[in-house]
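The values are calculated or read from the model by the stated rules, or taken from the named source; none is laboratory data. Because the structure is predicted, anything quoted here is derived from the model rather than measured. Note that each Cβ is placed from the backbone with ideal geometry, even for glycine, and that neighbours are counted across all protein chains shown. SASA here: full protein model, heavy atoms, side chains in, ligands and nucleic acids out. Shrake-Rupley method; radii C 1.70, N 1.55, O 1.52, S 1.80 Å.
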Amino acid sequence: MSRARDVVEVVARALADRADDVSVTEREDRGAIHVELSTAGHDLGRMIGRQGRTAASIRTLAELAEAPDERRVTVDFVDE
């Protein structure tokens with residue numbers, strides 16, 4: 001489990017109305033980490049935010065968490 005995944009999970013659970021519905025998975029491919037965040041439909045809007053600002057912030061935090069290892073991080077938001 002990467003630091004990026006941990007950061008995404010903590011932030012997503014803090015933002016969600018129903019924290020139990022938040023699911024974060026990760027996979028590694030060619031030195032890059034792909035984090036997938038899925039949540040209930042009504043909470044997805046909170047994760048993305050106005051004009052995608054919250055999503056951009058979550059992605060930035062995930063990248064900074066992995067900065068010492070210089071691995072690329074992508075965060076995808078999925079509607080269940």
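Tell me which label goes with the value of P(r) over Cα pairs in 5 Å bins from 0, in percent computed from the coordinates here: (1) 3, 14, 20, 23, 24, 12, 4, 1, 0; (2) 3, 13, 17, 15, 12, 10, 8, 7, 6, 5, 3, 1; (3) 3, 17, 30, 25, 15, 8, 2. Recomputing P(r) over Cα pairs in 5 Å bins from 0, in percent here picks out (3).
Quick one: pull the percent of accessible area on the chain belonging to carbon and sulfur, 1.4 Å probe, ligands and nucleic acids left out. List each step's numbers first, then the result.
Numbers: 2280 of 4970 Å².
Carbon and sulfur: 46 percent of the exposed surface of the chain.
Of the peptides 34-40, 16-22, 66-72, the order by per-residue mean of other Cβ atoms within 10 Å, starting with the highest, comes out as 34-40, 16-22, 66-72. Taking every protein chain into account, the accessible area of the chain amounts to 62 square angstrom per residue (probe 1.4 Å).
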